[in-house]
Every structure is written in structure tokens, then in C-alpha cells.
Amino acid sequence: MSDSYTTPWYVVQSKPNTVKTAVQNLELQGYQVVSPLENHTYRRGMHFVTMPRPYFAGYFFVGLSQQANFWQPIRSTRGVSQLIFFDQRPAEIPAQFIQELQKRIDIKGRLLDSHLLKSGDRIHVTRGPFVDLMGRVESASAKDRVWVLLDFFGQSTRVRLDRSVIRKMP
């Protein structure tokens, strides 16, 4: 593998629901691939289920070394729909963006949650009984607990949540 500081990176669009297949097939061909995942919680019947899903739905990044700068093997890989082009050229992503993204990904490819929460930050609940609710941080303790004001039925309700079940919103 080549160094991600000098490798040009490109955006690839996958066919519907085939990001995992496309990534695996490109890695088997020797390409560097970055496809961050996020944990998504949804309700299935009476239970909540948490599954990883692509952070950039339907898209991922491929790094090409200078000697392997050809597109046909990528375009014909199972699961790949197309390379993203601008002005007849593949859309190149700055290496610095990929480096920063890689710093925020764990060994399993999942994005690390930001633990830098402060009072007033907007958050989204990603797991548990309050899944998909929005709110604001009231206070954060050092023990992975956060007091949050959730927007619940038109009122703000104060709830204590674990940091692992919330995500800071931009």
C-alpha cells in the first residue's frame, strides 16, 4: 500500500445497497478504500436494532497509486456504479480530507464519536428509547453521562444519557 499523504483519492458511487460488496472487491484487487460506517439504530417490531451503515450513503473513496492509475478495473468491479467525474476528469478528493477522515475511524471502519460536548451543543440521539430525537446539551460530566434537553412533544424534557447514544450535530 502506498502512503495516503501522496496517494490521489477519488469518489466512487456504488449500486444501491452494495457498498460493502464493492469495497471488498476493490480491496481484493489491491486498491486502498475508505468507506466510513456509522451505527444506525432503528426499531424492528418491539426491539431496537443497531447496525452499521455507510456514512456517505452510496459513496466511498478509492486511493490510486501513480502506477495503478487506470479506471476500467474499478468501473467494472461488482457493486460499483460509476466513478464521479467533473469536466471529463475523475473528481479528486484532497488527501488532507482523507487523512482527517481516517483519524476519525476505528479499526472496524466506524466513525468515532466526538466526546467534545459542551453546553448548548445540538445533538441527535442515535440509540435507545429516545432514538431520532433532537436536543441540546445542558451539561456534560467526565463520566460519559450527559444531561440533555430533548425536544419531546413540543416541550423540552431534561434527560440523562450516555455519550455513546448521542451524536453531536453540526
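The values are calculated or read from the model by the stated rules, or taken from the named source; none is laboratory data. Quantities reported herein were computed from a predicted structural model and do not represent experimental measurements. No Cβ is skipped: glycine too gets one built from the backbone with ideal geometry, and neighbour counts run over all protein chains shown. The area values use the complete protein model at the heavy-atom level, side chains included, leaving out ligands, DNA and RNA. Shrake-Rupley method; radii C 1.70, N 1.55, O 1.52, S 1.80 Å.
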Send over a whole-number figure in Å² for the accessible area per residue of region 30-91, probe 1.4 Å. 64 Å²
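Counting each pair of different Cα atoms once, what's the Kirkwood radius of region 76-156 in Å, rounded to one decimal?
Across region 76-156, the inverse of the average 1/r is 16.5 Å.
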How much space per residue, in cubic angstrom, does the convex hull of the C-alpha atoms of region 13-137 take up? 151 Å³
For Leu37, residues with placed amide H under 5 Å, excluding near neighbours: Tyr55, Arg110, Leu111
Based on the Cβ-Cβ distance from Gln82 to Thr6, what FRET efficiency comes out when R0 is 30 Å, to the nearest 0.05? 0.75
Using only the alpha-carbon atoms, how far is helix 19-28 inclined from the longest principal axis of the chain? Give it as 0 to 90 degrees, nearest 10. 40 degrees
Straight-line reach from Lys118: which aspartates and glutamates have a Cα under 19 Å away, not including same-chain ones fewer than 8 places off? Glu138, Asp144, Asp151, Asp162
What full-extension length gain, to one decimal in nm, is calculated for His40 and Gln99 as 0.36 nm per residue of separation minus the Cα-Cα distance? 18.8 nm
Hey, which of these cross-link pairs are over 24 Å Cα-Cα: Lys20/Lys108; Lys108/Lys168; Lys20/Lys168? Lys20/Lys168
